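Taking it in order: structure first as structure tokens, then the write-up.
The values are calculated or read from the model by the stated rules, or taken from the named source; none is laboratory data. These figures come from a predicted structure and were not determined experimentally. Cβ: placed from backbone, ideal geometry, glycine included. Neighbour counts: every protein chain shown. For the accessible areas, the whole protein counts, side chains as well, though only heavy atoms, and no ligand, DNA or RNA atoms are used. Shrake-Rupley method; radii C 1.70, N 1.55, O 1.52, S 1.80 Å.
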Amino acid sequence: MAFDERILNGMGVLSAIVDSGSFAGAGDILDMSQSGVSRSIARLEARLGIRLFDRTTRSVALTDEGRRFYEQIMPLLSGLEEAASSAAQGTTTVRGRLRVTVDPFFSRWVLGPQLGAFLKKYPELKLELITRDQLGDMIADGFDLAVRFGPPPVSTLVARKLMDTRILTVASPAYIKRFGRPLSPKELANGQHACLQYRNPVTGRAFDWEFHKGKKRMTVETSGQLMVNDVGTLHSICLAGHAIAQAMEFGVRQLVDDGKLINLFPDWPDERFPLYALYPSRHHVPAKTRAFLDFVSMLSDSK
């Protein structure tokens, strides 16, 4: 015999009759008519092939078969209620395991230093943080949330923009002393300057060097011997004076303020790169996911 909706519904009615001592009392508990209670029990008895109650005009009592069935199903009913309650609490209580895949640069420079306060605030949460430069199939890989730089992919995922950061073209004073300072982005195309290329994790090719000023857009074909896929490596190469690089402002702002890197083209200030959070659905978002989204949004706002 297959377990179906009639059995599940009838179990609730059966429990209410036993608790209240009558069909009328069960009706009051469940907001059902007495005839509705009777029909539900009749359907359950027909489905099980047993009689559950001995009924007289004055009393209702479980049959032996009914009592055995009731004693067996009560732990199941309690388990179902507990599971439903636990699932409902998951929408309001930050707890359980949360798996997040994060861009390595954002994780290292922004997220990592602040995670202690987040975990202290939610002691019932188990956070698993995986850094990788490609999104992959986050659903198949079992992730609840992803944090990624760049335009979001076309997919069924919900994409929430967290921030935009400016892209700066920078070089160290040592580089400028050796090779001179380019006065225009177009000078980067003549082969006289070494331009450090950064690998796009989506295409596998180097990012284009773009320059934005208001509505004006310029793409410059640059050349260089070296391509990297790690922002920390890009920073160290640029600081050592080996090449010019394009970098996210929030990662090099302090270096520029300290004079360790020079913003070469401050009159081209408008190229920006977005950071997005990606998650499966905007409906019934678990509390643990909402809490992490709010936390990352707060960090992004401060950058």
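Points worth noting:
- One residue stands out among those in segment 238-253 that are open to solvent by less than 30 Å² (accessible area, probe 1.4 Å) and assigned to a helix (DSSP H, G or I): the one that is nearest to Leu299 (Cα to Cα), which is Phe250.
- Enumeration of residues in segment 104-142 that are under 16 Å from the mean Cα position of the chain (by Cα) and of a type in the set (Val, Ile, Thr): Ile130, Thr131, Ile139
- The number of residues in segment 166-211 being open to solvent by 70 Å² or more (accessible area, probe 1.4 Å), assigned to a loop (DSSP other than H, G, I, E, B) and free of Cβ contacts under 8 Å to residues at least 24 places away in the same chain comes to 5.
Yes or no, residue by residue, for (1) within 29 Å of Leu261 (Cα to Cα); (2) hydrophobic (A, V, I, L, M, F, W, C); (3) modelled with pLDDT under 90:
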| position | (1), (2), (3) |
| --- | --- |
| Glu82 | no, no, yes |
| Arg95 | no, no, yes |
| Ile130 | no, yes, no |
| Ala140 | no, yes, yes |
| Val147 | yes, yes, no |
| Val154 | no, yes, yes |
| Ser184 | yes, no, no |
| His193 | yes, no, no |
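- Taking residues in segment 138-150 that are part of a loop (DSSP other than H, G, I, E, B), and partners anywhere that are among the small types (Gly, Ala, Ser) and surrounded by 21 or more Cβ atoms within 10 Å (Cβ to Cβ), the pairs with Cβ atoms closer than 6 Å and at least 6 places apart or on different chains are Met138/Ala146.
- Residues that are open to solvent by 60 Å² or more (accessible area, probe 1.4 Å) and under 16 Å from Gly66 (Cα atoms), drawn from segment 16-41: Asp19
- Exclusive hit being small (Gly, Ala, Ser) and at positive phi, set Gly214, Gly232, Gly251: Gly214
- Val228 vs. criteria modelled with pLDDT of 95 or more, closer than 19 Å to Phe105 by Cα, among the hydrophobic types (A, V, I, L, M, F, W, C) and surrounded by 14 or more Cβ atoms within 10 Å (Cβ to Cβ): yes
- Checklist (1) among the aliphatic types (A, V, I, L, M); (2) in contact with an Asp or Glu (Cβ under 8 Å, 6 or more places away or on another chain); (3) closer than 30 Å to Leu264 by Cα applied to Val100, failing item: (3)
- Positions within segment 42-76 being surrounded by 14 or more Cβ atoms within 10 Å (Cβ to Cβ), closer than 15 Å to Val13 by Cα and in contact with a strand residue (DSSP E or B) (Cβ under 7 Å, 6 or more places away or on another chain), in sequence order: Leu52, Phe53, Val60, Leu62, Gly66, Tyr70
- Count - residues of segment 254-297 that are part of a helix (DSSP H, G or I), open to solvent by 30 Å² or more (accessible area, probe 1.4 Å) and closer than 20 Å to Thr93 by Cβ: 3
- If the condition is being farther than 24 Å from Phe250 by Cα and open to solvent by less than 50 Å² (accessible area, probe 1.4 Å), then segment 141-165 contributes Gly142, Phe143, Asp144, Leu157, Val158.
- Selection within segment 215-225 - open to solvent by 20 Å² or more (accessible area, probe 1.4 Å) and in contact (Cβ under 8 Å) with a residue 12 or more places away in the chain: Met218, Glu221, Thr222, Ser223, Gly224, Gln225
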